[in-house]
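These notes are about the structure you will find just below.
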Amino acid sequence: MAHRICSFADLLPGTARRFEVEGQGVAIVRIGDDLHAIGDRCSHANFSLSQGEVDSDACTIECWKHGAAFSLTTGEPQTLPATKAVPVHGIEVSDGEVYVTLENARRGDGGRKNEVAR
Ligand code: FES
């Protein structure tokens, strides 16, 4: 089930924002006109990834606590100390509104693709 979370215009390029979806923290990251949605909890310890720095060129977000960088497309850590992936959620834009589908609701639909459909 897709959840409306905000308007596309509410998200600034190169930034991350935290939203709650079904009780889960989700970090929404905008890079240019592309959106990404990942779990807003570092896999190394319980810290918010949305407070970290976005690298638009590398398409990663860096955990502010110890510096692990996570791919926004796969959720895999690119640097230590994190070793486990974070969830990648579905995200799409329709009529200027942003919708997220949690990863656990997407299982069985072809994997972790995370493309923006407009
Ligand atoms: S809590 Fe994120 S790298 Fe340690």
- Message: Let me make sure I get this right: for region 1-62, a, b and c are the square roots of the gyration tensor eigenvalues over alpha carbons, sorted descending. Under 1.5 in a/c it's rounded, otherwise prolate if a/b > b/c, else oblate. Which is it?
- Response: oblate
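Quick check for me: using +1 on Lys/Arg Cβ and -1 on Asp/Glu Cβ, what's the dipole size of region 2-106 about its Cα centre, in debye to the nearest 20?
So the dipole magnitude of region 2-106 works out to roughly 380 debye.
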- Query: Of Ala105, Ile61, Gln51, which is farthest on the positive side of the dipole of the chain, counting Cα position, with +1 on Lys and Arg Cβ, -1 on Asp and Glu Cβ, and the Cα centre as origin?
  - Reply: Ala105
- Task: For the chain, set up a Gaussian network in which alpha carbons nearer than 10 Å are linked by springs, and say which option among Ala37, Ala16, Ala45 fluctuates the most.
- Result: Ala45
- Message: Looking at the chain as a GNM with Cα springs under 10 Å, which of Thr79, Thr101, Thr15 has the largest mean-square fluctuation?
- Response: Thr79
- Query: Once both labels are modelled 7 Å past Cα along the beta-carbon direction, what's the Leu80-Glu20 spacing in nm?
  - Reply: 3.7
- Item | Extension reserve of the Cys6-Thr73 stretch, reckoned as 0.36 nm per residue once the Cα distance is removed | 22.1 nm
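Report the gain in length on full extension from Lys65 to Ser48: 0.36 nm times residue separation, minus Cα-Cα distance, nm rounded to one decimal.
Difference between extended and current length: 5.2 nm.
The numbers here are math on the coordinates, done by the rules we state, and not lab data. Note that this is a predicted model, so its numbers are computed, not measured. Note that each Cβ is placed from the backbone with ideal geometry, even for glycine, and that neighbours are counted across all protein chains shown.
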